[in-house]
Amino acid sequence: MSADTSCPRLIAVMGATGTGKSKFINLITSSQFGVGQGLKSCTAEVAESSPVQTRYGQVALVDTPGFDDTTVSDEVILAKIAAYLEDLYKRRRVLSGVIYLHRITDRKLCGSSRKNLNVFRHLCGDDSLSNVAIVTNMWENVEPALGIAREKELASEETMFAPLITRGARMFRHDGSRTSALTVLDKLLVKIPIPLLIQKELVDEGRDITDTSAAREIDRELAKARQKYREELASIKARIEEALREDDPETRQENEQDYEEVRRRLNAAEATLTNLSPYFAKERSVLQRNATKQVDTEKKVLRTRIDGTTSGGSSFIEASKEPEDIKVHVLDVNTDVSKRIAVMEEQIDMLKRIHEGKCTCSEQVSGRPPRSAGKNGIISMVPSLFYGVKVLLVGGRRVLLTTEDPGGAGPGRGVMERHIGSCWQYL
C-alpha cells in the first residue's frame, strides 16, 4: 500500500500511564491536551495534535492512553488504538515513527509497566522497531549518576528494553526542553515510514481484532493476573478463617473487604477478550461517523475552490463517491488544476515573446491539432480542456490559451490581463 504524503506526517506517543505523554506533545506542538496528576490517567481517547513545522516538514503527534489506565480496561484501550491505526492505514497513511516514554525515576519495571511494554512490542511488531524511539524523561527528578545507572540497566536487561534495542529501537534522553523533544522527532523523520504489525494484521491479512498479536498478549497478561488473584483469594480466605477461630472480628472484617476487592479484579480478568470485538466495532463506527462529517466539510471547501478556479467546470465531486475516494479525488483535482495553470503560464510567456519579436509564430506549444482553420488560415479557435478557455492559433500553430470572447468571464482572460495587459486589445 503506497503512503499518502499530502498530509502532515504522524508520530505516535505511547507509554504507561503517568509518563508524561500529553505533556511531551503539548511542549512540542503547543496543544492543550489534558495532563494527568501522578499516576492518574487523563488521556481517554486517541487524539492528533495540531501540526508543527520541523526541518522535515509538518508533523502531528498522536496522544494515546496507556494499557494500565486507571479507569479503562486494557480491552477498551486496545480497541481504541487499533481502530485508529486501522483507519489510518486504510487511508494510506503510515506512522513516521513511535515514541515510547519511560520515567527514569522508576526504580524498575513494575508489573503494569512491563505489561504495557509487552503489549506495545506486539502492537508494533519487530519489523517496525527500527522506527521506535525509547525516550526516558524526568531526569530533573533523579541524581545524574543514579539515572545513568538505571539507563544502562534498562538498555541491557532482557526483561526491559534490550529486546527492542537489539531489533533497531534507539534510546534517547529528554531533559524537559522543547529542543530536546524536537531532536527525537528529527531522528524519526529521516526514516522510511513502516506500518505497524497490528495494521498489517487487520488490513492486509483481514484478521479479527481478537486474533492479533497484541490481543493475544493481553490475554496472556490476563491469564497471569487471574492466577495471581486466585492465589491471593486463597490466602485471604485462610486469614479470614483464622480470624474466626480466634474470634477477632476487626481482622476478619478487614480481610473480608480485601477479599471482595480481589474477587472484583478476578471477575474483570475472567472476561478475557470476550468484550474486545464489540468494543472494536464501536470504535470503528465512531471513526466512520467522524470521517463522514469531515469529508462533507472538505467537499464544501473543494466545491468553493473549484468554483473560483474553473468557473463551474466538470471537476465537481460526484455525490456518489465514497469518503476514501473523495479524499483522493480532492488531491487529484488540486494537482490537475495546478498543472493546467502552469501550462497557461508557459503559453502566456510564449505570446509575450512573440509580441516582443523574440520568437516566431512557428514555435509550437503543446496541445492537440487544430480542428479548423481561421479566417485566411491565420487565426483559429478550438476548445481546450479548461472551461471557458480556447486555444489561439497563429499561422496554424498553437501559442496561447485564452477565452473565446474577450468580454467573457473565463479564467483565461484574468490570467492574460494580469500578465500581458494591453496585449489583449492588441490581439
message: As an exercise, identify the chymotrypsin sites (Phe, Trp or Tyr not before Pro) in region 98-200 lying in DSSP coil whose Cβ has no more than 14 other Cβ atoms within 10 Å.
response: none
field: Under-5 Å amide H pairs with THR54, H placed in peptide plane, nonlocal only
entry: VAL59
message: Sort 290-299, 89-98, 178-187 by the packing proxy (mean of other Cβ within 10 Å over each peptide's residues), most packed first.
response: 89-98, 178-187, 290-299
- line: One finds, for ARG114 and LYS300 with R0 = 51 angstrom and r their Cβ-Cβ distance, a FRET efficiency to the nearest 0.05 of 0.55
query: Sequence-distant or interchain residues sharing an amide H contact under 5 Å with ILE99, placed H: which?
result: ALA12, VAL13, MET14, ALA133
- line: Counting sequence-distant residues (5 or more places) and residues on other chains, those with an amide H built under 5 Å from that of MET171 are ILE134
field: Listed residue pairs exceeding 23 Å between alpha carbons, taken from LYS80/LYS191; LYS90/LYS191; LYS80/LYS115; LYS21/LYS282; LYS21/LYS115
entry: LYS80/LYS191; LYS21/LYS282
- line: Here the relative contact order (percent) of region 215-274, from C-alpha pairs under 8 Å and at least 6 apart, is 50 percent
- line: Taking 74-84, 205-215 and ranking on average Cβ neighbours within 10 Å, highest first, one gets 74-84, 205-215
- request: Scan region 209-276 for GluC sites (Glu not before Pro) in coil per DSSP, keeping those whose Cβ has at most 14 other Cβ atoms within 10 Å, and list them by number.
  value: GLU246
query: From the phi of every residue in region 71-78, what ³J(HN,Hα) in whole Hz does the Karplus formula 6.51 cos²θ - 1.76 cosθ + 1.60 yield, where θ is phi - 60° and glycine or proline is x?
result: 10, 10, 6, 5, 4, 5, 4, 4
query: Between the DSSP loop rule and a limit of at most 16 other Cβ atoms within 10 Å, which GluC sites (Glu not before Pro) in region 103-196 are left?
result: GLU157, GLU158
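Since every read-out is calculated from the coordinates, none of them should be taken as a lab result. Remember, predicted model here, so these are calculated numbers, not experimental data. As a convention, Cβ positions derive from the backbone with ideal geometry for all residues, glycine included, and neighbour counts pool all protein chains shown.
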